[in-house]
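This report concerns only the one structure given below.
The values are calculated or read from the model by the stated rules, or taken from the named source; none is laboratory data. Fair warning: this is a prediction, and the values are worked out from it, not measured in the lab. Glycine gets a Cβ as well: all are built from the backbone with ideal geometry, and neighbour counts include every protein chain shown.
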Amino acid sequence: MEIQHHKLKDIPFHESPNHGGTITPDTIIMHYTAGASAESSINTLTDPDNDVSAHVVISARGDITQLVPFNTKANHAGPSHHENRTGMNQYSIGIEMDNPGILKKSGEKYVSWFGRKYPEEEVIEEVHRNEDFTRFWHIYPEEQINAAFNLCKLLIKTYDIKYLLGHEEVSPDRKKDPGPAFPLDKFRNKLLSEDRSSDEPDKLPDVGEVAVPKLNFRDAPGTEGQKITQPLEKGTSLKIIRKEGDWYQVEAPVKGWVMGKYLKTDDS
């Protein structure tokens with residue numbers, strides 16, 4: 001990716017009328033859309049009757065759409081503060097991740113506020129950083145997180161970004177996004193830490209713990225692999241042997257393969 005005149009080159013630009021004046025951003029704020037799709041969220045964020053916007057929307061597939069130039073104030077954070085500053089729209093770039101957010105369990109499915117049902121393998125049960133009880137959250141696909149990481153890396157380089165925050169951190173009394181399904185601490189530490197080196201491969205964790213209610217255990221990496229045991233229960237500890245793409249070979253106690261994004265590890 002490349003930025004020219006505060007717009008992503010060769011990336012769709014769907015201009016939102018809901019913006020203000022010129023800014024010099026030093027902060028990125030991560031959101032989830034809590035919508036049914038990236039397309040529906042783009043429609044909401046570009047509707048002049050709504051007076052809300054963001055700089056970009058990233059779909060679950062990792063497709064990026066820009067709505068506001070990066071040097072222009074978007075209406076994404078609302079009443080907000082960080083350290084000694086208030087009104088974070090005037091300092092920040094807002095990134096909206098297509099994600100339904102909080103889910104409620106209904107039988108064997110998990111349901112969004114707009115009525116869509118999701119299977120348990122797409123759900124994680126976690127405590128939000130601003131709460132002390134668990135909720136169900138929809139997992140962010142790896143390709144979406146990777147797209148956000150690459151975009152943030154480019155923004156940090158281009159605009160000398162110093163802070164990468166969640167909406168939940170600048171508006172803790174109002175907002176839950178991006179929520180515990182998004183690896184915010186690991187994400188920003190890798191992007192902003194003094195000793196970061198994104199060109200070095202990540203060290204493979206030794207142990208993982210099943211982070212979803214049930215996790216399929218297969219004889220080969222990929223969904224074409226045959227299931228070799230009953231699904232692994234949440235909390236099951238697994239010894240990690242190696243990684244192949246998005247999949248981990250683990251021992252539990254027999255050897256098999258699981259989708260890595262459904263494991264909780266020491267560095268996740």
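Of note:
- Considering 40, 16, the condition of being under 26 Å from residue 136 (Cα atoms) and of a type in the set (Ser, Thr, Tyr) is satisfied by 40 alone.
- Only strands (runs of 3 or more DSSP E) whose full extent lies in the range 145-259 are considered here, and the ones with at least 3 residues that are modelled with pLDDT under 90 and surrounded by fewer than 17 Cβ atoms within 10 Å (Cβ to Cβ) are 237-244.
- Pair list, Cβ under 7 Å, 6 or more apart: the range 241-253 residue without any contact (Cβ under 8 Å) to a residue 40 or more places away in the chain, other residue among the basic types (Lys, Arg) and exposed (fewer than 12 other Cβ atoms within 10 Å of the Cβ): 249/242
This table checks each residue for (1) surrounded by fewer than 22 Cβ atoms within 10 Å (Cβ to Cβ); (2) more than 18 Å from residue 140 (Cβ to Cβ); (3) more than 20 Å from the chain's Cα centre (by Cα); (4) among the β-branched types (Val, Ile, Thr).
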site: 30; (1), (2), (3), (4): no, no, no, no
site: 45; (1), (2), (3), (4): no, yes, no, no
site: 50; (1), (2), (3), (4): yes, yes, yes, no
site: 60; (1), (2), (3), (4): yes, no, no, no
site: 71; (1), (2), (3), (4): yes, yes, yes, no
site: 79; (1), (2), (3), (4): yes, yes, yes, no
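- Residue that is nearest to residue 23 (Cα to Cα) [pool: residues in the range 81-102 that are among the charged types (D, E, K, R) and buried (at least 17 other Cβ atoms within 10 Å of the Cβ)]: 96
- Of the numbered criteria (1) in contact with a strand residue (DSSP E or B) (Cβ under 7 Å, 6 or more places away or on another chain); (2) without any contact (Cβ under 8 Å) to a residue 60 or more places away in the chain, the one residue 170 fails is (2).
- The range 8-28: number of residues that are of a type in the set (Ser, Thr, Tyr) and either under 14 Å from the mean Cα position of the chain (by Cα) or not assigned by TED's automatic domain parsing to the domain that holds residue 182 (or both): 0
- Selected residue [under 13 Å from the mean Cα position of the chain (by Cα), in contact (Cβ under 8 Å) with a residue 60 or more places away in the chain and assigned by TED's automatic domain parsing to the domain that holds residue 31] from 161, 95: 95
- Here residue 84 fulfils each of the conditions (1) assigned by TED's automatic domain parsing to the domain that holds residue 175; (2) closer than 25 Å to residue 45 by Cα; (3) not β-branched (Val, Ile, Thr) apart from (2).
- Unmet criterion (only one of (1) assigned to a strand (DSSP E or B); (2) within 27 Å of residue 173 (Cβ to Cβ)) for residue 65: (2)
- Scan the range 103-124 for residues that are surrounded by fewer than 18 Cβ atoms within 10 Å (Cβ to Cβ) and farther than 13 Å from residue 60 by Cβ and the total you get is 13.
- Matching residues, the range 215-237, being closer than 20 Å to residue 118 by Cα and either among the aliphatic types (A, V, I, L, M) or in contact with a helix residue (DSSP H, G or I) (Cβ under 6 Å, 6 or more places away or on another chain) (or both): 215, 232
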